[in-house]
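One structure is given here, and the rest of the page talks about it.
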Amino acid sequence: MTEFGGGLMGRWTEFTTFLRDVRAEMRKVVWPGWKEVRVTTGVVIVATFLFALFFFVVDFIFRAGVYGLLGKLGGLQ
């Protein structure tokens, strides 16, 4: 025999249990302080610039090598 409402009450119970579990897990979260946020933001910004510089240098060297090779092979005129 099918459940009344097509199992709607069972799904509602599952949903409310899920929300209760989410609320319990959110209470366990430890949020960083402002000092930690500022420090990690600074680290991310510095790392981004360092990676950008690294890729700029690698791209410059690679481009010079490819143009040099194409020049020797007669591909650039």
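The numbers here are math on the coordinates, done by the rules we state, and not lab data. Here the structure is a predicted model, which is why all the values come from computation and not from measurement. Neighbour counts are summed over all protein chains in view; Cβ atoms, including those assigned to glycine, are modelled from backbone coordinates with ideal geometry.
Worth pointing out:
- Filtering the stretch 23-40 to residues that are in a helix (DSSP H, G or I) and surrounded by 10 or more Cβ atoms within 10 Å (Cβ to Cβ) leaves 36, 37, 38, 39, 40.
- Condition met for residue 63 (within 28 Å of the chain's Cα centre (by Cα) and basic (Lys, Arg)): no
- Cross-chain or 6+ apart pairs with Cβ under 9 Å, the stretch 29-47 first and of a type outside the set (Gly, Ala, Ser), then in a helix (DSSP H, G or I): 32/40
- Options 69, 50, 76; residue that is in contact with a Leu (Cβ under 7 Å, 6 or more places away or on another chain) and surrounded by 10 or more Cβ atoms within 10 Å (Cβ to Cβ): 76
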